[in-house]
1. Please list, in chain and number order, the residues 5+ apart from R61 or on another chain whose amide H is under 5 Å from its amide H, with Hs placed from the backbone.
2. Amide H to amide H, which residues 5 or more places from A66 or on other chains are under 5 Å from it, using H placed in the peptide plane?
3. Just to be sure I understand the model, the point goes 7 Å from the Cα along the line to the Cβ. What's the resulting R101 to T40 distance in nm?
4. Name the long-range amide H neighbours of Q36: under 5 Å, sequence gap of 5 or more, or other chain; modelled H, no Pro or chain starts.
Amino acid sequence: MSPRRNSSRRKSARGRKDASGPADEDALMLRITGGQRRETGPDGEYVIRSIPGAAATKIYRCPGCAQEIPTGMAHVVAWRPYGDGEDRRHWHSSCWERRSRRSPRAPRH
């Protein structure tokens, strides 16, 4: 038999104010936009969305390494913020982080 718990497992925030101050703006934007964030780098500004492995249901080709991103692999999707969405690309997370240090590779056949 498991020992009895005398305290609730949930941390109730009712009636209490957070003493740490206002919420972080980036964390708030991530909640509102469903995980989207903006990044600015040497190659311009992008909107980034992280795709968890459970939501990755198709095979994509990463423009950073020209290798396939298999189904079930977590990755990121990046696109220009003021475009029509035609420039959306699926990247390996590590390739996206290293994109400024290497150029895109030609696809293999």
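What follows draws every value from the coordinates through simple rules; no lab data is involved. Computed from a predicted model, the values in this text were never measured in an experiment. All Cβ positions, glycine included, derive from the backbone under ideal geometry; neighbour counts span all protein chains shown.
1. Long-range HN contacts for R61: I69.
2. Placed amide hydrogens put R105 under 5 Å from A66.
3. Going by the 7 Å Cα→Cβ label model, 2.4 nm.
4. For Q36, whose amide H was placed from the backbone, there are no distant partners under 5 Å.
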